[in-house]
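The values are calculated or read from the model by the stated rules, or taken from the named source; none is laboratory data. This is a predicted model, so every value here is computed, not measured. Cβ coordinates were reconstructed from backbone atoms using ideal geometry, including for glycine residues, and neighbour counts include every protein chain displayed.
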Amino acid sequence: MLAAAGTSDPPGNVFLSVQRVYSPAGIFMTGNKRWDASLYDSKHSFVWKSGSEVIDLLSPQTGERILDLGCGTGHLSHQIALSGAEVTGLDLSQTMIDQARKSYPGLRFVVADGGRLPFAEVFDAVFSNAALHWMKEPEQVVTCIASALKRGGRFVAEFGGKGNVEAIHSALQSASKALGAPAQDFSATAERNRLYFPSIGEYAGLLEQHGLAVRSAVLFDRPTALEEGENGVRNWMEMFAGDFLAAIPQEKRPDLIRSVEDRLRPALFRDGTWFADYRRLRIVAIRE
Ligand SMILES: C[S@@+](CC[C@H](N)C(=O)[O-])C[C@H]1O[C@@H](n2cnc3c(N)ncnc32)[C@H](O)[C@@H]1O
């Protein structure tokens, strides 16, 4: 059963298009931010709402034991539980889990690191939405997923893949430079906040090395509508790129935000709505 509980608080969609296969890599974006559960639920519900399709892929069945890895505020754990499955939601952030417990008191939620799972039991399936790119030790996480699954158990996940949010990254970089922020400061922030956005080849190889046979893998562009119209990109930066804002003196931050918006507007703003340039990796594998 359960053992440990961590307490740290690090911090993360709806059209299909191009499929791509890439070679190794991982890019950046704000991995050290503390999670604000209220902000997440009030202005970023698009993250979990897009996870419904991944639940369809999981196809949870009554009585199955399912682990929701990086469950956040628990909305998808709840949706999975509606199928009659026994769900355990796990997340490293105490504030996200507190919120999940408040919203869904009947479900089991655990604070722990995805790279150090505290379970002796095995699960019929491990599910994860929009969370694996935040986990800093992917190999450790995959080892844990494999040992948490029974033989024949399934791993169904979606998260940021190679090329995710590249336009936003590049706009932040050029806007910071235009405001006189030293290039090495931006690189240092980017390095500190590096997230894991693997290619299909890289991630499928990692899963196979750990006894997980890949049944399907798709890397696809999903321009993601952000909430609150004109404020969409600034809300997104506040939630997911706080370190980059914090690296700029307070009085220059409004200029930085405006400059990022100006750079992104031609590509990412349509009919009053901002679309983040998300590229997702959706993967299904079976424990051998
Ligand atoms: C964008 S949220 C997604 C939450 C949820 N899956 C959803 O779809 O709404 C990413 C979550 O990953 C969690 N996370 C980040 N690193 C983690 C780790 N090492 N172990 C467990 N959870 C982690 C964060 O705390 C956060 O709640």
Inset, instruction - Return the residue satisfying two criteria in turn: it lies in the range 229-277 and is farther than 15 Å from S174 by Cα and among the β-branched types (V, I, T), and of such residues it is surrounded by the fewest Cβ atoms within 10 Å (Cβ to Cβ). - result: T273
Inset, instruction - Might you let me know whether the range 164-178 holds any residue that is in contact with a Leu (Cβ under 6 Å, 6 or more places away or on another chain) and over 14 Å from G114 (Cα atoms)? - result: yes
Legend entry - Matching residues, the range 55-73, being more than 12 Å from V126 (Cα to Cα) and either within 10 Å of the ligand (Cβ to nearest atom) or touching an Asp or Glu at 6+ places or on another chain (Cβ under 6 Å) (or both): G72, T73
Inset, instruction - Note down all Cβ pairs under 8 Å where the first residue falls in the range 49-78 and is in a loop (DSSP other than H, G, I, E, B), the second is of a type in the set (K, R), and they're at least six residues apart or on different chains. - result: S50/R222; G74/R101
Inset, instruction - Inspect the range 251-265 for any residue being assigned to a loop (DSSP other than H, G, I, E, B) and out of contact with any Pro (no Cβ under 9 Å at 6 or more places or on another chain) and give the result as yes or no. - result: no
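Does F159 satisfy being part of a strand (DSSP E or B), more than 27 Å from L268 (Cα to Cα) and aromatic (F, W, Y)?
Numbers: part of a strand (DSSP E or B): yes; more than 27 Å from L268 (Cα to Cα): no; aromatic (F, W, Y): yes.
It is false that F159 is part of a strand (DSSP E or B), more than 27 Å from L268 (Cα to Cα) and aromatic (F, W, Y).
Does K49 satisfy being within 11 Å of the ligand (Cβ to nearest atom), at negative phi and charged (D, E, K, R)?
Details: within 11 Å of the ligand (Cβ to nearest atom): yes; at negative phi: yes; charged (D, E, K, R): yes.
Answer is yes for this residue.
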Legend entry - Filter result for T88 (more than 12 Å from the ligand (Cβ to nearest atom), among the polar types (S, T, N, Q) and modelled with pLDDT of 95 or more): yes
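Go through the residues of the range 82-89 one by one and say whether even a single one is under 19 Å from E158 (Cα atoms), more than 16 Å from the chain's Cα centre (by Cα) and hydrophobic (A, V, I, L, M, F, W, C). Spell out how you get there, then give the answer.
The initial filter retains those residues of the range 82-89 that are under 19 Å from E158 (Cα atoms), namely 87-89.
Cutting the leftovers down to more than 16 Å from the chain's Cα centre (by Cα) gives us 87-88.
Filter once more, so that each one left must be hydrophobic (A, V, I, L, M, F, W, C): 87.
Taking every residue of the range 82-89 in turn, at least one turns out to be under 19 Å from E158 (Cα atoms), more than 16 Å from the chain's Cα centre (by Cα) and hydrophobic (A, V, I, L, M, F, W, C).
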Inset, instruction - Output the residues belonging to the range 107-138 that are within 8 Å of the ligand (Cβ to nearest atom) and assigned to a strand (DSSP E or B). - result: S128, N129
